[in-house]
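Contents: one structure, followed by commentary.
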Amino acid sequence: MMRQQINLFARANQNSGHIEARYAVCLTGEVGPVLTEFAAFVRQEGRISINCKPTDCEQFLTTGQYWNAHELAEVAAQHSGRTKEEELEEHLADYYIKRRGFDETFANGECFRYGALNTGGMGAVYYGGSYGGYCVVLQGDFPETRGEVAYVKYDSLDNYVDAAGRVDVARLGPNLAADSHKCRLAAIKHEAEIATHPRDAWPSLLCAGTYMEAVFLQPPVRTAIDRVRMDAHYMADTEHMLKTALTTGLAGDEAKRLSTYRKIQLLLREHHIVLEGV
Amino acid sequence: MLELVAMAEEDGWAFVRTGEELVVVQPPYQAWSRTKATASQLEQAICRHGFKQAGEPFPDWGQLIQHLKQRQVAAWQERGGTGLTEREMEEMVQELSSDRLAEFLDHVETELLPRQQWAAAEKLLRVLLGVRTVLDSDFLRHRTLSLWDRCQEKRKSVMNVSAGEVAWRFPHTPRSYQELGNARAQAGSPFC
């Protein structure tokens, strides 16, 4: 018997009253005024960003599309002759059951895309440091359909799903926000730390350690990109590779890195997208 | 023993287990580009960010990194990737900021010239002398030209060994080798 799937976005909407109540309590505390400013800042500056490896960024800019795991599995299946599910299982390996469980819990789960709430900086650095990756920041009016985006206080897969793919909906529910309430959820999340973070540290506060996950349905396309950020040290190191490239020559992997960087530069220029070193 | 746990081969990024610790490594594979990772970050990487589970043992970092580099290049070439042409690289140099161009000049002055890497220094300086930002800046232009002159002077003074001097210093060296030594020295190759 197929279990009933949950509408993530409707659930997020239903949580708005709960968020309002918790936010009101936060405002009565000492940091109330700062939290009000913080919430306003998030409302004003908040964007969805997607952190990419260099090749993924190049692909996104070249094809104009950013595919999720299911779409990539479909494409792989077309070339391999295997089924999409077989491709997905091979790719996800030990995590297949968990990921599938999550996808099947929610209506349109296979169509979900994931990003982070970003108010500046390199966004959600999922692993390692920010070096080497690109942060693709989508425009403020993305997605067009505001009813098809939900924000989660913490990463959904990491915090609300067990190894067997069972979603703890009771715990997830109160930590979901519709687009209209993302700024209040962010304020609730950072109430304890806001006093020790000056305003210029607010962008990194939102993405340091944990981040607020954005789950949305609308496929991000190139025309929805506002800007792309890369780590300033990575940018400097890549430009410095030109010295070696022009004189003694680069090893294969270094040549690839420089070539990919150049391709990304040119694609961004072609599509009038700013590249920022941060 | 190291274990390659997962990798994104097209970019050479990898999760590696070293004993009890899990780390992420990225190009250029220096100590500072290696960071600690958690099991949940590994999960994220595989579930959401295109990493593929691996599970290969390696005896040391050298071999593991070599493997990552080879896989990266192979994946790139399979997709038809090619390196930049000289012209494309020169176009990139044209777009560099003044600060970055000054750093390139620092490299010539503090690295290439002291190491007597004349050909490399000349090549780089020649490229820089074609850059609009350099030509439009008195400071950068003068510095580039000055380094060019220094490069020529140093090259001549170190390499200007006459056949006569070789004969005086190395009396038992046949004449043909004296002249060969001078020719090699002029070309910037070690005399051997």
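What follows is calculated from the coordinates using simple rules that are stated; it is not laboratory data. Fair warning: this is a prediction, and the values are worked out from it, not measured in the lab. Because the Cβ atoms are built from the backbone with ideal geometry, glycine has one as well, and the counts that use them run over all protein chains shown.
The lysines whose alpha-carbon is closer than 17 Å to the alpha-carbon of residue B:154, local same-chain residues fewer than 8 away aside, are B:123. If you find the alpha carbon centre of region A:239-259 and of region A:152-194, how far apart are they in angstrom? If you average the Cα positions of each part, the centres end up 43 Å apart. By definition, a body whose alpha carbon gyration tensor gives a ≥ b ≥ c is oblate when a/c is 1.5 or more and a/b is not larger than b/c, and chain A fits this oblate description.
Can you pull the semi-axes for region A:144-278, root of five times each eigenvalue of the Cα gyration tensor, sorted largest first, whole Å?
Values: eigenvalues 274, 70, 59 Å².
One finds semi-axes of 37, 19, 17 Å for region A:144-278.
Just counting partner chain Cβ atoms within 10 Å, what average do the residues of peptide A:261-273 show around their Cβ? If you can, show how the numbers build up before the last one.
Values: counts 2, 6, 2, 0, 2, 3, 0, 0, 1, 0, 0, 0, 0.
Whole-number average of other-chain Cβ neighbours for A:261-273 is 1.
Annotation: the residues B:52, B:156, A:53, sorted from fewest to most other C-beta atoms within 10 Å of their own C-beta, follow the order B:156, B:52, A:53. Straight distance only, please: which lysines reach the Cα of residue A:263 with their own Cα at less than 18 Å, same-chain residues fewer than 8 apart left out? Correct list for residue A:263: A:53. In loop segments of region A:9-101 as defined by DSSP, the GluC sites (Glu not before Pro) with at most 11 further C-beta atoms inside 10 Å of their C-beta are A:30. Sequentially through region A:169-185, phi angles give Karplus couplings (6.51, -1.76, 1.60; θ = phi - 60°) of 5, 4, 7, 5, x, x, 10, 9, 9, 6, 4, 5, 10, 5, 5, 6, 5 Hz, Gly and Pro residues having no value and appearing as x. Residues whose amide H comes within less than 5 Å of that of residue A:277, counting only those at least five positions distant or on another chain, are A:230 (H built at 1.01 Å from N in the peptide plane).
Going by C-beta contacts inside 10 Å, put A:79, A:18, B:67 in order with the fewest on the left.
Working: A:79 8, A:18 15, B:67 18.
Taking fewest neighbouring Cβ atoms as first place, the list is A:79, A:18, B:67.
Treating each Cα of the protein assembly as shown as one equal point scatterer and applying the Debye formula with no solvent, the log10 of I(q)/I(0) at q = 0.13 Å⁻¹ comes out as -1.23. Note on B:46, A:188: ascending count of other Cβ atoms within 10 Å places them as A:188, B:46, the fewest first. For region B:1-84, a Kirkwood radius taken over Cα pairs fed into Stokes-Einstein (4 °C, viscosity 1.567 mPa s) yields D = 100 µm²/s.
Label zone (residue A:97, point 7 Å along Cα-to-C-beta; backbone nitrogen cut-off 20 Å) within region B:36-57: B:39-48, B:53-55.
Among the residues of A:52-62, the average count of other protein chain beta-carbon atoms within 10 Å of the residue beta-carbon is 4. Counts of other chain beta carbons within 10 angstrom of each beta carbon in peptide A:77-90 average 0.
With 19 Å as the cut-off, how large is the P(r) tail for region A:193-259, expressed as percent of Cα-Cα pairs?
Numbers: 1382 of 2211 pairs.
Counting every Cα pair in region A:193-259, those more than 19 Å apart make up 63 percent.
In terms of its C-alpha gyration tensor, region A:159-202 comes out prolate, because a/c is 1.5 or above and the ratio a/b outweighs b/c.
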